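Taking it in order: structure first as C-alpha coordinates, then the write-up.
The values are calculated or read from the model by the stated rules, or taken from the named source; none is laboratory data. Values in this document were obtained by computation on a predicted structure and should not be read as measured data. So basically every Cβ, Gly included, is an ideal-geometry build from the backbone, and we count neighbours across all protein chains shown.
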Amino acid sequence: MKEPGNQSPQGGACQIVRCSFVACLTFLLVLPACGRKTAVRPPALVAPEPVRNLTLAIVHDKVQLRWERPQRYMDGSEMDDLGGFVVLRAAQNGQGTTTPFVQIAVVPVEDRDRFRRAKRFSYTDEQLTPGTLYRYRVQAFTLDGYYSRPSNTVELVWQRRP
(Lines give C-alpha, C1' and ligand atoms only; values in the text may rest on other atoms or scores of the structure.)
Protein backbone atom coordinates (compact mmCIF):
# COMPACT_ATOMS: atom_id res chain seq x y z
CA MET A 1 0.00 0.00 0.00
CA LYS A 2 1.25 3.47 -0.89
CA GLU A 3 1.35 6.18 1.68
CA PRO A 4 -0.57 9.39 0.91
CA GLY A 5 1.55 12.04 -0.80
CA ASN A 6 4.04 9.42 -1.92
CA GLN A 7 3.25 9.22 -5.66
CA SER A 8 5.37 7.77 -8.38
CA PRO A 9 7.40 10.19 -10.54
CA GLN A 10 5.56 9.03 -13.69
CA GLY A 11 2.12 10.02 -12.31
CA GLY A 12 3.28 13.60 -11.58
CA ALA A 13 4.82 14.00 -15.04
CA CYS A 14 1.60 12.79 -16.71
CA GLN A 15 -0.43 15.27 -14.70
CA ILE A 16 1.89 18.15 -15.74
CA VAL A 17 1.62 17.11 -19.41
CA ARG A 18 -2.19 16.92 -19.13
CA CYS A 19 -2.39 20.38 -17.48
CA SER A 20 -0.08 21.87 -20.11
CA PHE A 21 -2.17 20.33 -22.90
CA VAL A 22 -5.42 21.70 -21.41
CA ALA A 23 -3.86 25.17 -20.98
CA CYS A 24 -2.59 25.22 -24.58
CA LEU A 25 -5.93 23.98 -25.93
CA THR A 26 -7.82 26.63 -23.94
CA PHE A 27 -5.45 29.34 -25.19
CA LEU A 28 -5.89 28.23 -28.82
CA LEU A 29 -9.69 28.19 -28.51
CA VAL A 30 -9.90 31.61 -26.82
CA LEU A 31 -7.30 33.44 -28.93
CA PRO A 32 -9.49 33.88 -32.06
CA ALA A 33 -12.20 35.52 -29.93
CA CYS A 34 -9.92 38.32 -28.68
CA GLY A 35 -10.63 41.69 -30.25
CA ARG A 36 -12.33 42.66 -33.46
CA LYS A 37 -10.79 41.03 -36.51
CA THR A 38 -10.81 42.89 -39.80
CA ALA A 39 -8.87 42.64 -42.98
CA VAL A 40 -5.43 44.20 -42.79
CA ARG A 41 -5.29 47.45 -44.81
CA PRO A 42 -2.18 49.36 -45.85
CA PRO A 43 -1.69 52.75 -44.12
CA ALA A 44 -2.29 54.67 -47.36
CA LEU A 45 -5.87 53.35 -47.44
CA VAL A 46 -6.81 54.19 -43.83
CA ALA A 47 -5.94 57.88 -44.17
CA PRO A 48 -8.92 60.22 -44.51
CA GLU A 49 -9.89 61.49 -47.91
CA PRO A 50 -8.53 65.03 -48.38
CA VAL A 51 -10.65 68.07 -47.63
CA ARG A 52 -11.81 69.11 -51.10
CA ASN A 53 -13.77 72.29 -50.52
CA LEU A 54 -11.64 74.68 -48.53
CA THR A 55 -12.92 78.26 -48.89
CA LEU A 56 -11.67 81.61 -47.66
CA ALA A 57 -13.63 84.70 -46.61
CA ILE A 58 -12.73 88.01 -44.98
CA VAL A 59 -14.83 88.46 -41.83
CA HIS A 60 -14.35 91.45 -39.50
CA ASP A 61 -10.81 92.14 -40.80
CA LYS A 62 -9.75 88.52 -40.31
CA VAL A 63 -9.36 85.57 -42.66
CA GLN A 64 -11.90 82.82 -42.06
CA LEU A 65 -11.31 79.37 -43.55
CA ARG A 66 -14.24 76.95 -43.92
CA TRP A 67 -14.39 73.34 -45.01
CA GLU A 68 -16.60 70.25 -44.83
CA ARG A 69 -15.96 67.10 -42.83
CA PRO A 70 -14.47 64.20 -44.85
CA GLN A 71 -16.75 61.17 -44.63
CA ARG A 72 -14.56 58.36 -45.96
CA TYR A 73 -11.12 56.81 -45.83
CA MET A 74 -9.00 56.62 -49.00
CA ASP A 75 -10.25 53.06 -49.61
CA GLY A 76 -13.86 54.35 -49.73
CA SER A 77 -15.04 52.89 -46.42
CA GLU A 78 -16.92 55.07 -43.94
CA MET A 79 -14.72 56.97 -41.50
CA ASP A 80 -15.49 56.72 -37.77
CA ASP A 81 -12.32 58.00 -36.07
CA LEU A 82 -11.70 61.52 -37.37
CA GLY A 83 -9.38 63.20 -34.87
CA GLY A 84 -9.19 66.72 -36.25
CA PHE A 85 -7.62 69.04 -38.77
CA VAL A 86 -4.26 70.75 -39.17
CA VAL A 87 -4.35 74.24 -40.69
CA LEU A 88 -1.27 75.04 -42.80
CA ARG A 89 -0.17 78.46 -44.04
CA ALA A 90 2.55 79.71 -46.38
CA ALA A 91 3.39 83.36 -46.91
CA GLN A 92 5.15 85.59 -49.41
CA ASN A 93 5.98 89.13 -48.35
CA GLY A 94 6.10 92.21 -50.61
CA GLN A 95 9.82 91.64 -51.37
CA GLY A 96 9.12 88.13 -52.71
CA THR A 97 10.49 86.15 -49.75
CA THR A 98 8.44 82.95 -49.44
CA THR A 99 7.98 80.70 -46.43
CA PRO A 100 6.94 77.05 -46.81
CA PHE A 101 3.64 75.70 -45.47
CA VAL A 102 3.76 75.46 -41.68
CA GLN A 103 1.18 74.39 -39.14
CA ILE A 104 -0.59 77.37 -37.57
CA ALA A 105 -3.44 75.58 -35.79
CA VAL A 106 -5.07 72.27 -34.90
CA VAL A 107 -8.86 72.11 -34.99
CA PRO A 108 -9.99 69.09 -32.91
CA VAL A 109 -13.08 67.01 -33.65
CA GLU A 110 -14.95 66.40 -30.41
CA ASP A 111 -18.28 65.03 -31.63
CA ARG A 112 -17.36 61.45 -32.58
CA ASP A 113 -19.77 59.94 -30.02
CA ARG A 114 -22.71 62.15 -30.94
CA PHE A 115 -25.56 61.09 -33.16
CA ARG A 116 -25.46 64.39 -35.03
CA ARG A 117 -21.94 65.35 -36.06
CA ALA A 118 -20.67 68.72 -37.30
CA LYS A 119 -20.61 68.87 -41.08
CA ARG A 120 -18.61 72.11 -41.41
CA PHE A 121 -15.54 73.40 -39.62
CA SER A 122 -13.81 76.75 -39.59
CA TYR A 123 -10.69 78.53 -38.43
CA THR A 124 -10.03 82.27 -38.20
CA ASP A 125 -6.53 83.64 -38.82
CA GLU A 126 -5.87 86.96 -37.06
CA GLN A 127 -2.07 87.10 -37.43
CA LEU A 128 -1.88 89.00 -40.71
CA THR A 129 0.56 91.54 -42.19
CA PRO A 130 -0.60 93.99 -44.90
CA GLY A 131 0.89 93.41 -48.35
CA THR A 132 1.59 89.71 -47.68
CA LEU A 133 0.31 86.88 -49.87
CA TYR A 134 -1.09 84.06 -47.73
CA ARG A 135 -1.79 80.52 -48.92
CA TYR A 136 -3.78 78.06 -46.82
CA ARG A 137 -4.34 74.30 -46.81
CA VAL A 138 -6.02 71.91 -44.38
CA GLN A 139 -5.21 68.26 -43.62
CA ALA A 140 -7.55 65.87 -41.81
CA PHE A 141 -6.15 63.27 -39.41
CA THR A 142 -7.46 60.19 -37.60
CA LEU A 143 -7.16 59.29 -33.94
CA ASP A 144 -4.42 56.84 -34.95
CA GLY A 145 -2.37 59.63 -36.54
CA TYR A 146 -2.99 58.96 -40.24
CA TYR A 147 -3.02 62.22 -42.24
CA SER A 148 -4.88 63.00 -45.44
CA ARG A 149 -3.24 64.64 -48.40
CA PRO A 150 -3.47 68.45 -48.23
CA SER A 151 -6.70 70.12 -49.34
CA ASN A 152 -7.02 72.51 -52.23
CA THR A 153 -5.05 75.73 -51.71
CA VAL A 154 -6.77 79.08 -51.18
CA GLU A 155 -4.90 82.37 -51.17
CA LEU A 156 -5.19 86.14 -50.83
CA VAL A 157 -3.00 89.21 -50.49
CA TRP A 158 -3.89 90.77 -47.16
CA GLN A 159 -4.76 94.46 -47.34
CA ARG A 160 -6.00 96.20 -44.22
CA ARG A 161 -9.35 97.84 -44.88
CA PRO A 162 -9.51 101.62 -44.36
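Observations
Residues are listed down the side, and each one gets a yes or a no for (1) in contact with a strand residue (DSSP E or B) (Cβ under 6 Å, 6 or more places away or on another chain); (2) touching a residue at least 40 places away in the same chain (Cβ under 8 Å); (3) at negative phi:
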residue	(1), (2), (3)
Asn53	yes, yes, yes
Glu68	yes, yes, yes
Gly83	yes, yes, yes
Val86	yes, yes, yes
Thr98	yes, no, yes
Glu110	no, no, yes
Ala118	no, yes, yes
Tyr123	yes, yes, yes
Glu126	yes, yes, yes
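- Evaluation of Leu88 against the conditions (1) under 27 Å from Asp144 (Cα atoms); (2) hydrophobic (A, V, I, L, M, F, W, C); (3) out of contact with any Pro (no Cβ under 8 Å at 6 or more places or on another chain) shows that the sole unmet condition is (3).
- Segment 89-109 - residue that is small (Gly, Ala, Ser) and surrounded by 11 or more Cβ atoms within 10 Å (Cβ to Cβ) and, of those, farthest from Val157 (Cα to Cα): Ala105
- Counting the residues of segment 125-148 that are loosely packed, with under 14 Cβ neighbours inside 10 Å and not small (Gly, Ala, Ser) gives 6.
- When the residues of segment 66-88 are filtered to those that are loosely packed, with under 12 Cβ neighbours inside 10 Å and charged (D, E, K, R), the one that is nearest to Asn152 (Cα to Cα) is Arg72.
- Test: Gly5 is modelled with pLDDT of 70 or more and surrounded by fewer than 10 Cβ atoms within 10 Å (Cβ to Cβ): no
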